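First the structure, which I've put down as C-alpha coordinates, then a few questions once you've had a look.
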Amino acid sequence: MDIVSVVGTILAFVVIIVGTILKGSSLDALWNPAAFVIVFLGTLAALLVQTPGPVLKRAWTMLPWVYRPPDIESENLVSRIVGWSEISRRTGLLGLEPAIERESDPFIRKGLQLLVDGTEPDAMRSVLEVEVYAREHTDIEAAKVFENAGAYSPTMGIIGAVMGLMSVMQNLADPSKLGHGIAAAFVATIYGIGLANLLALPMASRLKGLARLRSQMREILVEGLVSIAQGDNPRHIESKLQGFLS
(Lines give C-alpha, C1' and ligand atoms only; values in the text may rest on other atoms or scores of the structure.)
Protein backbone atom coordinates (compact mmCIF):
# COMPACT_ATOMS: atom_id res chain seq x y z
CA MET A 1 0.00 0.00 0.00
CA ASP A 2 1.38 3.40 -1.01
CA ILE A 3 0.52 5.56 2.01
CA VAL A 4 1.51 8.79 0.24
CA SER A 5 -1.05 8.26 -2.54
CA VAL A 6 -3.77 7.33 -0.04
CA VAL A 7 -3.06 10.44 2.05
CA GLY A 8 -3.04 12.59 -1.08
CA THR A 9 -6.44 11.31 -2.19
CA ILE A 10 -7.98 11.78 1.25
CA LEU A 11 -6.47 15.26 1.49
CA ALA A 12 -8.01 16.17 -1.87
CA PHE A 13 -11.52 15.48 -0.55
CA VAL A 14 -10.75 17.15 2.78
CA VAL A 15 -9.62 20.33 1.01
CA ILE A 16 -12.91 20.58 -0.90
CA ILE A 17 -15.05 19.86 2.15
CA VAL A 18 -13.18 22.17 4.53
CA GLY A 19 -13.01 24.89 1.89
CA THR A 20 -16.78 24.71 1.44
CA ILE A 21 -17.37 25.03 5.17
CA LEU A 22 -14.92 27.92 5.54
CA LYS A 23 -16.70 29.74 2.73
CA GLY A 24 -19.90 29.56 4.77
CA SER A 25 -21.68 27.04 2.58
CA SER A 26 -23.27 23.76 3.67
CA LEU A 27 -22.04 20.33 2.66
CA ASP A 28 -25.42 19.66 1.07
CA ALA A 29 -24.51 22.25 -1.53
CA LEU A 30 -21.74 19.96 -2.82
CA TRP A 31 -24.16 17.20 -3.78
CA ASN A 32 -26.10 17.49 -7.01
CA PRO A 33 -27.21 14.27 -8.74
CA ALA A 34 -27.73 15.97 -12.10
CA ALA A 35 -24.24 17.49 -12.04
CA PHE A 36 -22.76 14.13 -11.03
CA VAL A 37 -24.42 12.37 -13.95
CA ILE A 38 -23.40 15.02 -16.48
CA VAL A 39 -19.75 15.20 -15.40
CA PHE A 40 -18.88 11.62 -14.46
CA LEU A 41 -21.03 9.74 -16.96
CA GLY A 42 -20.36 12.34 -19.65
CA THR A 43 -16.61 11.93 -19.16
CA LEU A 44 -16.99 8.16 -19.25
CA ALA A 45 -19.00 8.39 -22.47
CA ALA A 46 -16.28 10.50 -24.11
CA LEU A 47 -13.63 7.96 -23.07
CA LEU A 48 -15.68 5.08 -24.46
CA VAL A 49 -15.97 6.85 -27.80
CA GLN A 50 -12.27 7.68 -27.97
CA THR A 51 -10.53 4.64 -26.48
CA PRO A 52 -10.30 1.09 -27.87
CA GLY A 53 -11.65 -1.63 -25.61
CA PRO A 54 -8.30 -3.34 -24.87
CA VAL A 55 -6.76 -0.03 -23.80
CA LEU A 56 -9.70 0.66 -21.47
CA LYS A 57 -9.35 -2.81 -20.00
CA ARG A 58 -5.63 -2.28 -19.42
CA ALA A 59 -6.31 1.12 -17.82
CA TRP A 60 -8.79 -0.48 -15.42
CA THR A 61 -6.22 -3.17 -14.59
CA MET A 62 -3.54 -0.56 -13.89
CA LEU A 63 -5.72 1.69 -11.71
CA PRO A 64 -4.90 -0.16 -8.44
CA TRP A 65 -1.21 0.64 -9.09
CA VAL A 66 -1.88 4.15 -7.81
CA TYR A 67 -2.36 2.77 -4.31
CA ARG A 68 -0.68 -0.63 -4.63
CA PRO A 69 2.22 -0.18 -7.06
CA PRO A 70 3.79 -3.35 -8.49
CA ASP A 71 6.92 -4.60 -6.77
CA ILE A 72 9.98 -3.15 -8.49
CA GLU A 73 13.04 -4.48 -6.70
CA SER A 74 15.87 -3.23 -8.87
CA GLU A 75 18.65 -4.23 -6.51
CA ASN A 76 17.20 -7.72 -6.19
CA LEU A 77 16.99 -8.03 -9.98
CA VAL A 78 20.63 -7.07 -10.42
CA SER A 79 21.64 -9.64 -7.77
CA ARG A 80 19.66 -12.37 -9.55
CA ILE A 81 21.23 -11.53 -12.91
CA VAL A 82 24.70 -11.70 -11.37
CA GLY A 83 23.74 -15.05 -9.84
CA TRP A 84 22.63 -16.37 -13.24
CA SER A 85 25.92 -15.18 -14.71
CA GLU A 86 27.91 -17.10 -12.10
CA ILE A 87 25.86 -20.25 -12.72
CA SER A 88 26.41 -19.98 -16.49
CA ARG A 89 30.17 -19.65 -16.00
CA ARG A 90 30.29 -22.69 -13.73
CA THR A 91 27.90 -25.06 -15.49
CA GLY A 92 27.16 -23.47 -18.84
CA LEU A 93 23.96 -21.87 -20.12
CA LEU A 94 22.00 -25.10 -19.73
CA GLY A 95 22.55 -24.78 -15.98
CA LEU A 96 20.00 -21.95 -16.02
CA GLU A 97 17.09 -24.25 -16.95
CA PRO A 98 15.99 -24.73 -13.31
CA ALA A 99 15.87 -20.93 -12.91
CA ILE A 100 13.27 -20.71 -15.69
CA GLU A 101 10.84 -22.86 -13.72
CA ARG A 102 11.26 -20.75 -10.60
CA GLU A 103 10.36 -17.48 -12.33
CA SER A 104 6.75 -16.28 -12.44
CA ASP A 105 7.33 -13.24 -14.68
CA PRO A 106 6.69 -14.27 -18.33
CA PHE A 107 9.23 -11.72 -19.60
CA ILE A 108 12.01 -13.08 -17.40
CA ARG A 109 11.09 -16.64 -18.35
CA LYS A 110 11.23 -15.72 -22.03
CA GLY A 111 14.63 -14.05 -21.66
CA LEU A 112 16.12 -16.99 -19.77
CA GLN A 113 14.72 -19.44 -22.31
CA LEU A 114 16.36 -17.51 -25.14
CA LEU A 115 19.60 -17.61 -23.17
CA VAL A 116 19.39 -21.36 -22.55
CA ASP A 117 18.55 -21.97 -26.23
CA GLY A 118 21.84 -20.34 -27.19
CA THR A 119 20.33 -17.37 -29.01
CA GLU A 120 22.90 -14.96 -30.40
CA PRO A 121 23.29 -11.83 -28.23
CA ASP A 122 22.19 -9.40 -30.97
CA ALA A 123 19.16 -11.52 -31.84
CA MET A 124 18.25 -11.82 -28.15
CA ARG A 125 18.48 -8.07 -27.67
CA SER A 126 16.33 -7.47 -30.74
CA VAL A 127 13.60 -9.88 -29.62
CA LEU A 128 13.44 -8.64 -26.03
CA GLU A 129 13.66 -4.92 -26.85
CA VAL A 130 10.64 -5.21 -29.14
CA GLU A 131 8.65 -6.61 -26.21
CA VAL A 132 10.00 -3.94 -23.84
CA TYR A 133 8.84 -1.22 -26.24
CA ALA A 134 5.47 -2.88 -26.84
CA ARG A 135 4.73 -3.30 -23.14
CA GLU A 136 5.76 0.26 -22.29
CA HIS A 137 3.66 1.63 -25.17
CA THR A 138 0.62 -0.35 -24.00
CA ASP A 139 0.97 0.86 -20.40
CA ILE A 140 1.54 4.50 -21.41
CA GLU A 141 -1.55 4.42 -23.65
CA ALA A 142 -3.56 2.99 -20.75
CA ALA A 143 -2.30 5.76 -18.44
CA LYS A 144 -3.37 8.33 -21.02
CA VAL A 145 -6.97 7.22 -20.49
CA PHE A 146 -6.89 9.04 -17.14
CA GLU A 147 -5.09 11.97 -18.73
CA ASN A 148 -7.89 12.21 -21.29
CA ALA A 149 -10.45 12.01 -18.49
CA GLY A 150 -8.72 15.03 -16.97
CA ALA A 151 -9.11 16.86 -20.26
CA TYR A 152 -12.79 16.04 -20.76
CA SER A 153 -14.17 16.46 -17.24
CA PRO A 154 -13.71 20.27 -16.94
CA THR A 155 -15.57 20.69 -20.24
CA MET A 156 -18.35 18.44 -18.99
CA GLY A 157 -18.43 20.59 -15.85
CA ILE A 158 -18.98 23.69 -17.98
CA ILE A 159 -21.74 21.92 -19.89
CA GLY A 160 -23.38 21.01 -16.58
CA ALA A 161 -23.09 24.60 -15.34
CA VAL A 162 -24.64 25.99 -18.53
CA MET A 163 -27.49 23.49 -18.33
CA GLY A 164 -28.03 24.50 -14.71
CA LEU A 165 -28.14 28.18 -15.65
CA MET A 166 -30.64 27.38 -18.38
CA SER A 167 -32.85 25.88 -15.69
CA VAL A 168 -32.39 29.02 -13.57
CA MET A 169 -33.40 31.24 -16.47
CA GLN A 170 -36.67 29.36 -16.72
CA ASN A 171 -37.49 30.36 -13.13
CA LEU A 172 -36.76 34.08 -13.30
CA ALA A 173 -40.32 34.76 -12.22
CA ASP A 174 -39.53 33.30 -8.79
CA PRO A 175 -36.55 35.24 -7.29
CA SER A 176 -36.48 32.95 -4.23
CA LYS A 177 -35.16 30.11 -6.39
CA LEU A 178 -32.45 32.07 -8.19
CA GLY A 179 -29.72 31.87 -5.53
CA HIS A 180 -30.06 28.16 -4.94
CA GLY A 181 -30.35 27.46 -8.65
CA ILE A 182 -27.20 29.38 -9.56
CA ALA A 183 -25.22 27.71 -6.74
CA ALA A 184 -26.39 24.28 -7.88
CA ALA A 185 -25.40 25.10 -11.45
CA PHE A 186 -21.78 25.69 -10.48
CA VAL A 187 -21.50 22.40 -8.60
CA ALA A 188 -20.94 20.75 -11.98
CA THR A 189 -17.92 22.99 -12.52
CA ILE A 190 -16.50 21.91 -9.16
CA TYR A 191 -17.02 18.26 -10.08
CA GLY A 192 -15.34 18.68 -13.46
CA ILE A 193 -12.31 20.64 -12.29
CA GLY A 194 -11.93 18.56 -9.13
CA LEU A 195 -12.08 15.26 -11.00
CA ALA A 196 -9.42 16.49 -13.43
CA ASN A 197 -6.93 18.16 -11.11
CA LEU A 198 -7.31 16.16 -7.91
CA LEU A 199 -7.77 12.66 -9.32
CA ALA A 200 -7.48 11.98 -13.06
CA LEU A 201 -4.36 13.98 -14.00
CA PRO A 202 -2.34 13.00 -10.89
CA MET A 203 -3.28 9.35 -11.44
CA ALA A 204 -2.20 9.56 -15.08
CA SER A 205 1.20 10.98 -14.12
CA ARG A 206 1.63 8.36 -11.43
CA LEU A 207 0.83 5.49 -13.77
CA LYS A 208 3.11 6.84 -16.51
CA GLY A 209 5.97 7.01 -14.03
CA LEU A 210 5.39 3.43 -12.91
CA ALA A 211 5.18 2.25 -16.53
CA ARG A 212 8.53 3.87 -17.33
CA LEU A 213 10.08 2.40 -14.18
CA ARG A 214 8.90 -1.09 -15.11
CA SER A 215 10.31 -0.57 -18.59
CA GLN A 216 13.65 0.44 -17.07
CA MET A 217 13.71 -2.77 -15.05
CA ARG A 218 13.13 -4.77 -18.24
CA GLU A 219 15.96 -2.88 -19.93
CA ILE A 220 18.23 -3.88 -17.04
CA LEU A 221 17.17 -7.49 -17.55
CA VAL A 222 17.82 -7.33 -21.31
CA GLU A 223 21.26 -5.83 -20.79
CA GLY A 224 22.10 -8.42 -18.15
CA LEU A 225 20.97 -11.41 -20.22
CA VAL A 226 22.82 -10.17 -23.29
CA SER A 227 25.96 -9.72 -21.19
CA ILE A 228 25.62 -13.29 -19.93
CA ALA A 229 25.23 -14.51 -23.51
CA GLN A 230 28.42 -12.65 -24.42
CA GLY A 231 30.26 -14.38 -21.57
CA ASP A 232 31.03 -11.21 -19.63
CA ASN A 233 32.53 -11.45 -16.16
CA PRO A 234 29.85 -11.38 -13.38
CA ARG A 235 31.56 -8.47 -11.62
CA HIS A 236 31.65 -6.53 -14.89
CA ILE A 237 27.95 -7.25 -15.42
CA GLU A 238 27.12 -6.05 -11.92
CA SER A 239 29.06 -2.81 -12.38
CA LYS A 240 27.33 -2.14 -15.70
CA LEU A 241 23.83 -2.81 -14.36
CA GLN A 242 24.41 -0.67 -11.28
CA GLY A 243 24.79 2.25 -13.69
CA PHE A 244 21.06 1.98 -14.45
CA LEU A 245 20.28 2.53 -10.77
CA SER A 246 22.52 5.51 -10.06
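The values are calculated or read from the model by the stated rules, or taken from the named source; none is laboratory data. Fair warning: this is a prediction, and the values are worked out from it, not measured in the lab. Positions of Cβ are generated from backbone atoms using ideal geometry, with glycine treated the same way; all protein chains shown enter the neighbour counts. When the accessible area is computed, the model is the full protein with side chains, heavy atoms only, and any ligands, DNA or RNA have been set aside. Shrake-Rupley method; radii C 1.70, N 1.55, O 1.52, S 1.80 Å.
When the label point is put 7 Å from the Cα of Val162 along its Cα-to-beta-carbon vector, which residues of segment 27-42 have a backbone N closer than 18 Å?
Within reach of a label on Val162: 35-42.
Moving on. May I ask you to rank Phe40, Phe107, Phe186 by accessible area, largest first, using a 1.4 Å probe over the protein chains only?
Values: Phe40 70, Phe107 5, Phe186 105 Å².
Ranking Phe40, Phe107, Phe186 by accessible area, largest first, yields Phe186, Phe40, Phe107.
Please give the per residue accessible area of the chain, computed with a probe of 1.4 Å over protein heavy atoms only, in Å². Walk me through the numbers on the way to the answer.
Details: 13720 Å² over 246 residues.
Value for the chain: 56 Å² per residue.
Roughly what angle does helix 106-116 make with the longest principal axis of the chain, taking Cα atoms, 0 to 90 degrees, to the nearest 10?
Helix 106-116 sits roughly 20 degrees off the main axis of the chain.
In segment 90-240, if the dipole is taken from +1 on Lys/Arg beta carbons and -1 on Asp/Glu beta carbons about the Cα centre, which of Met156, Ile140, Ser239 is farthest to the positive end?
Met156
Using a 1.4 angstrom probe on the protein heavy atoms only, could you order Trp60, Trp65, Trp31 from most to least accessible area?
On the way: Trp60 190, Trp65 30, Trp31 155 Å².
Descending order: Trp60, Trp31, Trp65.
Roughly speaking, to the nearest percent, how much of the chain's 1.4 Å accessible area is carbon and sulfur? Working shown, then result.
Working: 8720 of 13720 Å².
Roughly 64 percent, rounded to a whole number.
Percent of Cα-Cα pairs more than 27 Å apart in the chain, please. Provide the component values of the computation, followed by the final result.
Details: 16003 of 30135 pairs.
Summing the P(r) tail past 27 Å for the chain gives 53 percent.
Would you work out the charge dipole size for segment 8-90 about its Cα centre, treating the Cβ of every Lys and Arg as +1 and the Cβ of every Asp and Glu as -1, and quote it to the nearest 20 debye?
Numbers: 7 positive and 5 negative charges, 51 e Å.
The calculated dipole for segment 8-90 is roughly 240 debye.
Tell me which of Val187, Trp84, Phe36 sits at the most positive position along the dipole axis of the chain, charges placed on C-beta atoms (Lys, Arg +1; Asp, Glu -1).
Towards the positive end, the residue furthest out is Val187.
Quick one: putting +1 on the C-beta of Lys and Arg, -1 on the C-beta of Asp and Glu, what dipole do you get for segment 96-173 around its Cα centre, in Debye to the nearest 20?
Once rounded to the nearest 20, the dipole reads 560 debye.
Past 28 Å, Cα to Cα: identify those pairs from Lys144/Lys240; Lys110/Lys240; Lys57/Lys208, in the order given.
Flagged as over cut-off: Lys144/Lys240.
Treating only the Cβ of Lys, Arg, Asp and Glu as charged (+1, +1, -1, -1), what charge dipole size does the chain show about its Cα centre? Round to the nearest 20 debye.
Using Cβ point charges on Lys, Arg, Asp and Glu, the chain gives about 560 debye.
Choose one answer from Asn148, Asn197, Asn171: the residue with the largest mean-square fluctuation in a GNM of the chain with alpha-carbon springs under 10 Å.
Asn171
Would you look at the GNM of the chain, springs on alpha carbons closer than 10 Å, and say which of Leu199, Leu44, Leu22 moves the most?
Leu22
Okay, moving on. Using a Gaussian network model on the chain with a 10 Å cutoff between Cα atoms, which of Ser88, Ser25, Ser205 fluctuates the most?
Looking only at Ser88, Ser25, Ser205, the largest GNM fluctuation is found for Ser25.
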